[in-house]
Amino acid sequence: MSTTPPTSPRPRLPSPLQELRDDRFTRHGLTLVLKRDDLIHPDLPGNKYRKLSPNLDAAVAAGHTVLLTFGGAYSNHLRATAAAGRLLGMETIGVVRGDELAERPLNPSLTQCAADGMRLHFIDRATYRRKTDPEVLATLLRATGASHPYVIPEGGSNSLAVQGCTALGEELRGHAHTAAVACGTGGTLAGMAAGLAPDQRALGIPVLKGGFLGPEIRALQERTFGAPTANWYLDERFHFGGYARTPPELTAFANDFEDRHGLPVERVYVAKLLYALTALSEEGAFAPGTQVTAVITATEPAPPAAQSSTSR
Ligand SMILES: *Cc1c(COP(=O)(O)O)cnc(C)c1O
């Protein structure tokens with residue numbers, strides 16, 4: 001589908017499927033399958049590859065050499081954009097929420113962005129909230145010194161990104177009754193749902209608190225496909241207090257899941273998804289015979305070398 005200059009190594013598509021035997025599912029007559037989108041590319045994991053790839057095509061086709069995007073201090077999307085820029089030889093500019101961060105040492109996530117060549121531009125939170133106002137954006141572009149950049153929205157979820165995620169749904173045809181994914185902006189769910197076959201449905205687990213996601217996903221689908229699809233739903237109970245919050249109960253669940261299955265469980269998105277599916281299974285929310293397929297969008301990054309070196 002993509003004509004982006006091939007990244008190295010080449011993306012692994014379709015991503016692999018992996019069935020897990022877990023008694024919390026089997027005793028309810030359910031099959032749990034993982035869709036390993038985390039294995040698509042080492043630097044552009046999961047849905048970030050699917051979302052960025054059509055945008056990179058568009059940027060290159062229109063003659064852009066600079067990518068500009070937005071994110072918080074721990075944004076996976078910023079990291080993925082920085083990595084994509086390095087792999088494709090494009091300049092990248094990251095507009096980061098929080099001008100106080102400019103005074104501090106970079107956190108590991110932003111350090112990685114900088115190492116990939118991303119130029120970081122910090123702005124205060126009030127301006128950040130207004131970043132899509134044409135006037136604010138124009139001022140911002142002047143301030144960054146970016147000439148003619150290709151602008152990707154926060155979280156990367158524009159129509160091209162949603163379109164890119166339809167391939168995830170298409171790859172899941174015949175491999176799920178319910179396909180479930182953790183949601184940030186909901187762009188991945190919006191595209192995946194549109195790519196599924198008519199007898200399948202999509203379930204989204206928002207990791208942010210707020211209950212605003214349903215209308216946003218409908219709007220994304222309207223913009224991309226002309227109308228929303230009726231085959232998805234959200235369960236808003238599993239945000240655990242908000243973005244990147246990992247209370248002890250979630251950590252204990254994730255550690256136990258790792259022990260049972262040897263799968264490193266990324267804490268911000270994937271832990272909440274797997275917790276939700278396990279809870280729904282135990283609640284009897286899925287009819288016996290249902291194949292539940294969980295989209296694994298990332299695996300836990302390796303711990304920093306400094307932490308393990310003390311024990312050697
Ligand atoms: C960005 C991200 C998501 C959420 O994707 P959206 O399209 O914003 O809903 C899920 N999992 C991981 C690991 C991510 O980095």
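The values are calculated or read from the model by the stated rules, or taken from the named source; none is laboratory data. Predicted, not measured: the structure shown is a model, and the values here were computed from it. Reconstructed Cβ throughout: ideal geometry from the backbone, glycine too, with neighbour counts over all protein chains shown. Ligands, DNA and RNA are excluded from the accessible area calculation, which covers all protein heavy atoms including side chains. Shrake-Rupley method; radii C 1.70, N 1.55, O 1.52, S 1.80 Å.
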Practice prompt. Can you send over the solvent-accessible area of Y243, 1.4 Å probe, protein chains only, in Å² to the nearest 10?
Written response: 90
Item to complete: Provide the per-residue ³J(HN,Hα) series for the range 85-91, in order, calculated from phi with Karplus coefficients 6.51, -1.76, 1.60 and θ = phi - 60°, each as a whole number of Hz, with x at glycine and proline positions.
Response: x, 4, 5, 9, x, 10, 6
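Give the carbon-plus-sulfur fraction of the accessible surface of the chain in %, rounded to a whole number; probe 1.4 Å, heavy atoms of protein chains only. If you can, show how the numbers build up before the last one.
Working: 7430 of 14060 Å².
Carbon with sulfur: 53 percent of the solvent-accessible area.
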Worksheet item: How big is the charge dipole of the chain about its Cα centre, in debye rounded to the nearest 20, if each Lys and Arg gets +1 on its Cβ and each Asp and Glu gets -1 on its Cβ?
Response: 320
Worksheet entry | Peptides ranked, highest mean first, by Cβ atoms within 10 Å: ranges 82-90, 113-121 | 82-90, 113-121
Worksheet item: Using only Cα atoms, what Kirkwood radius does the range 65-148 have, in angstroms?
Response: 12.8
Worksheet entry | Placed amide H near Q291: partners under 5 Å, 5+ positions off or other chain | T31, H177, T178
Worksheet, complete the sentence: Taking 0.36 nm per residue of separation between L137 and F212 and subtracting their Cα-Cα distance, the length gained on full extension comes to 24.6 nm
Practice prompt. Report, in whole Å, the centroid distance computed from the Cα atoms of the range 268-302 and the range 36-81.
Written response: 25
Discussion item. No solvent, one uniform scatterer per C-alpha: report log10 I(q)/I(0) for the range 1-99 via the Debye equation at q = 0.19 1/Å, two decimals.
Written reply: -0.90
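With contacts defined as alpha carbon pairs under 8 Å and 6 or more residues apart, what's the relative contact order of the chain in percent? Please report the intermediate quantities before stating the final value.
Numbers: 574 pairs, mean separation 63.5, N = 312.
Averaging sequence separation for qualifying contacts and normalising by length gives 20 percent for the chain.
Enter the accessible area per residue of the range 65-148 (Å², integer; probe 1.4 Å; all protein chains in place). Numbers along the way, then the final one.
Details: 4150 Å² over 84 residues.
Per-residue accessible area for the range 65-148 comes out at 49 Å².
Based on the alpha-carbon gyration tensor of the chain, what equivalent-ellipsoid semi-axes (square roots of 5 times the eigenvalues) come out, in whole Å, largest first?
32, 23, 19
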Worksheet, complete the sentence: Under the Karplus relation with 6.51, -1.76 and 1.60 and θ = phi - 60°, whole-Hz ³J(HN,Hα) for the range 239-246, x at Gly and Pro, equal 7, 6, x, x, 4, 6, 7, 10
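What shape does the range 235-282 take by its C-alpha gyration tensor, where a ≥ b ≥ c are the square roots of the eigenvalues and a/c under 1.5 counts as rounded, a/b above b/c as prolate, and the rest as oblate? Display every interim value, and only then the final one.
On the way: a/c = 1.89, a/b = 1.26, b/c = 1.50.
Oblate shape, in that a/c is at least 1.5 and b/c is the bigger or equal ratio.
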Worksheet item: Short version: what are the Cα gyration tensor semi-axes of the range 200-262, square root of 5 times each eigenvalue, largest first, in whole Å?
Response: 30, 15, 8
Item to complete: Please report how far the C-alpha centroid of the range 96-116 lies from that of the range 121-162, rounded to the nearest whole angstrom.
Response: 17
Discussion item. Of the candidates G187, G156, G242, which one comes out as most mobile in a Gaussian network treatment of the chain with C-alpha springs shorter than 10 Å?
Written reply: G242
